[in-house]
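Read the figures in this text as sums done on the coordinates, not as results from a lab. It should be emphasised that the depicted structure is a prediction, and the values quoted were computed from it without experimental measurement. Every residue, glycine among them, receives a Cβ derived from its backbone with ideal geometry; neighbour counts consider all protein chains shown.
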Amino acid sequence: MSQAANTPPRPASEVAAQVLMQEADALRLFAGAIPPDFERVVADIARIPGRVIVSGIGKSGHIGRKIAATLASTGTPSYFVHASEASHGDLGMITGDDICILISNSGETQELGDVVAHTRRFSIPLVAISSREDSTLMRAADYRLLLPPAPEACPMGLAPTTSTTLTLALGDALAVALMEARDFRAENFRTFHPGGKLGAQLSTVAQLMHGGDEVPLVPLDAPMEQALLEMTSKGFGTTGVVRDGVLAGLISDGDLRRNMARLMDSTAGEVATLDPVTVPPAMLAAQALALMNERKITTLFVVEEDGSPVGIVHLHDLLRAGVA
């Protein structure tokens, strides 16, 4: 946009601050005026056997893709259907088990017409997101999620800015509300995010630990010669000490130094540190790493609820997996 010759453009940071404040004000306004149908939409989505079908055109379509992706990655099966493609065969992707969310700021987007008609013909629940309560889309919908009256951040009031931010935030609100309704947990989240750093941080100890014969273990009454061989042969610099199948203690290099004078005349139980810090197999690897940092240790024995040892995890295992 051209500037008047005698009016220099504002600093970009000033423009940015104004836009962010304006959109933040709109979000605060929205937070105080949640659409009455919001609770019903969450309840209906949570009970349907099918998927959430999201559709829109232009900027609303881009926002719709993100909403569908967020829903799908947080436990709510969802798919984006392009409104124009829907008119050329993709309506077949929408079934009677689904629920549709259609996004149109004006509520008069012509390309959505065939999707609206399809939902009405086959009694598929329809959720409308729009800023115009009396629009064609809102009148046709079963559920109406009305955006609050907030001006676009665009200086001409034309480019979708504030309205798309509000729609995106509404999609996030739906996803999080559904996560709570479904009791969606971190272990569920990892199912849909197995790759990259996020996947690593959501790994469990059981997925990264060494188990079976790799776990260094000796009986409580074992001579220290046997314990030393176990510590060196297994490569962890430590060994667990078991009594009646339960982890009673562990021997570290620190225990060896503290008992050097009588070391070879002692049993494993006499040298071991009793009641060591342990973790359950289901603990997140990130939590295990935090525990190691807090206790300043490099290994953790993994035990079941009855105290029986099933594995050992080393700091290097967590770092190699990308947990840090």
Choice from V41, V54, V246 with maximal GNM fluctuation in the chain (Cα, 10 Å cutoff): V246
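Taking R0 as 30 Å, what's the FRET efficiency between R10 and K59 from their Cβ-Cβ distance, rounded to 0.05?
Working: r = 25 Å, r/R0 = 0.82.
Between R10 and K59 the formula returns 0.75.
Please compute the net charge surrounding G249, taking Lys and Arg as +1 and Asp and Glu as -1 over other residues with Cβ under 11 Å from its Cβ. List each step's numbers first, then the result.
Working: positive: R243; negative: D255, E270, D275.
Around G249, the surrounding residues sum to -2.
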Helix 224-234 versus the longest principal axis of the chain: what angle, 0 to 90°, nearest 10, using Cα atoms? 40 degrees
Pop out the ³J(HN,Hα) list for region 267-272 in order, Karplus 6.51 cos²θ - 1.76 cosθ + 1.60 with θ = phi - 60°, rounded to Hz; leave Gly and Pro as x. 9, 4, x, 6, 9, 5
Grab the other residues whose beta carbon is less than 10 angstrom from that of L263, score K and R as +1, D and E as -1, and report the net. -1
Can you give the log10 of the normalised intensity I(q)/I(0) at q = 0.08, 0.11, 0.13 Å⁻¹, computed with Debye over equal Cα scatterers of the chain? -0.60, -0.79, -0.92
Sequence order, region 97-105: Karplus ³J(HN,Hα) from phi using 6.51 cos²θ - 1.76 cosθ + 1.60, θ = phi - 60°, Hz rounded, Gly and Pro as x, gives 8, 9, 9, 9, 10, 10, 10, 7, 4
Provide the FRET efficiency to the nearest 0.05 for the T298-R121 pair, computing r from the beta carbons and using R0 = 51 Å. 0.20
Kirkwood hydrodynamic radius of region 12-184, from inverse mean 1/r over distinct Cα pairs, in Å: 16.2 Å
Rounded to the nearest 500 deg cm²/dmol, what is the calculated helix-only ellipticity per residue at 222 nm for the chain, with -39500 (n - 2.57) per DSSP H run of length n ≥ 4? -12000 deg cm²/dmol
Measuring from centroid to centroid over Cα atoms, what is the spacing of region 248-268 and region 15-56 in Å? 61 Å
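Taking each pair of different alpha-carbon atoms in region 231-296 once, compute 1/r for the pair, average those values, and report the inverse of that mean as the Kirkwood hydrodynamic radius in Å to one decimal. Don't skip to the answer; put the middle values down first.
Working: mean 1/r = 0.0753 Å⁻¹.
Over region 231-296, the inverse of the mean reciprocal pair distance is 13.3 Å.
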From the gyration tensor of the Cα coordinates in region 202-321, what semi-axes in whole Å does the equivalent ellipsoid have, largest first, with each one equal to sqrt(5λ)? 24, 14, 12
Quote to one decimal, in nm, the extra length available between L27 and V277 on full extension: 0.36 nm per residue of separation minus the C-alpha distance between them. 85.4 nm
